[in-house]
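Q: Have a look at this one.
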Amino acid sequence: MTKNYLFSIITIFLFSTFSFSQVSVGSEEWTNQSQPVEPWYEYSYSQTIYNANLINASGQITGLKYFATPTTDLENTGTWDIYMAHTDLNEHPQNEDGAYSYIDPSELTLVFSGSVEVVDQIVTITLDTPFDYNGTQNLIVAGHDTMDTGSYDGSGDDFYASLYDGTSRIALVSYNDSTPIDGLAPPTPYDALLRYANIVFEGISQQCPNPTDISVSNILGTSADLTWSSGENV
């Protein structure tokens, strides 16, 4: 009876590991990238392109996580709109004069609108409208700070970001302290950046081969040897 019980625990753990539904993109600790919002300004807007190769998954995205610096509390920048869309672009386009331009906001879908908070340096967002990501095109995530308090947060309040390829301008940002930004008609971007905000996409998981030829041996009271095949030739 003990052996069967132990085998069940091991099997449940193994399969839950392979099916964990979230994808993390980015682990570096760059700051001052103004994404998904810029807390040091009262109003801000950003569009970030996440390459499909980084995500390496498809399915329904149900939530997002962002990772904040220790001082970040979003006291004055804690009401957001989040938009998402597919795109074939690998970076933001430039006009004839060399200026970068936002992807037309009419092509984006509003997936969240409401208050957010920082808990243990993490902002966790459950999408109002889950987004069906096809896994082949790149993904745009736009962040819009809509909170109007007449103030802004500290200069050290920020979110961590990672470098993409060192050449592609994958993020555009705008921010100011005087004029609310229209998320459906954002102004000319103030900066075109090489880095993307570190993010977790919840509800999807990266593709892993199903384990096969699972075997358990040397089962003792508190231990066992577990082996399996990856299910494909590598």
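The values are calculated or read from the model by the stated rules, or taken from the named source; none is laboratory data. Small disclaimer: the values here were computed from a predicted structure and weren't measured. We place every Cβ from the backbone using ideal geometry, glycine too, and count neighbours over all the protein chains shown. Please note that ligands, DNA and RNA were not included when accessible areas were found on the heavy atoms of the full protein model with its side chains. Shrake-Rupley method; radii C 1.70, N 1.55, O 1.52, S 1.80 Å.
Q: Return one whole number: the accessible area per residue of the stretch 25-172 in Å², for a 1.4 Å probe.
A: Per-residue accessible area for the stretch 25-172 comes out at 43 Å².
Q: The stretch 57-125 to the stretch 163-209: how many Å between their Cα centroids?
A: A separation of 6 Å, based on Cα centres.
Q: Can I ask one more? Fully extended, how many nm does the chain gain between ASP73 and THR179 (0.36 nm per residue separation, minus their Cα-Cα distance)? Write down the numbers at each step before the final one.
A: Numbers: separation 106, 0.36 × 106 = 38.16 nm, distance 2.24 nm.
Result: 35.9 nm gained on full extension.
Q: Additional query: Once you put a point 7 Å from the Cα of ILE219 and another 7 Å from the Cα of ASN90, both along the Cβ direction, what distance in nm separates them?
A: 5.2 nm
Q: Compute and list, largest first, the equivalent-ellipsoid semi-axes of the stretch 45-130 from the alpha carbon gyration tensor, each √(5λ) rounded to a whole angstrom.
A: 25, 17, 14
Q: Dipole magnitude of the stretch 24-144 about its Cα centre, charges +1 at Lys/Arg Cβ and -1 at Asp/Glu Cβ only, in debye to the nearest 20? Mind dumping the intermediate values first?
A: On the way: 1 positive and 17 negative charges, 68 e Å.
That gives the stretch 24-144 a dipole magnitude of about 320 debye.
Q: Right, here's the next one. Distance from a point 7 Å along Cα→Cβ of THR129 to each backbone N in the stretch 82-103: keep the residues under 17 Å and list them by number.
A: In the stretch 82-103, the label zone of THR129 (backbone N under 17 Å from the point 7 Å along Cα→Cβ) covers 82-87.
Q: Would you work out the Kirkwood radius for the stretch 101-151? I mean one over the mean of 1/r across all pairs of different Cα atoms, in Å.
A: In the stretch 101-151 this quantity evaluates to 13.6 Å.
Q: Whole-Hz Karplus ³J(HN,Hα) for the stretch 133-138, in order, using 6.51 cos²θ - 1.76 cosθ + 1.60 and θ = phi - 60°, x for Gly and Pro?
A: 8, 7, x, 10, 7, 6
Q: Next question, about the same structure. Report the far tail of the P(r) of the stretch 79-129, meaning the percent of Cα-Cα pairs longer than 15 Å. List each step's numbers first, then the result.
A: Details: 778 of 1275 pairs.
For the stretch 79-129, the fraction of Cα-Cα distances above 15 Å is 61 percent.
Q: For the stretch 70-226, how big is the tail of P(r) above 25 Å, as a whole percent of Cα pairs?
A: Everything past 25 Å amounts to 43 percent.
Q: Now a separate question. Mind pulling the per residue volume of the convex hull built on the Cα atoms of the stretch 149-189? Å³ is fine. Mind showing how you got there, number by number?
A: Numbers: hull volume 4.8 nm³, N = 41.
Cα-based convex hull of the stretch 149-189, divided per residue, equals 117 Å³.
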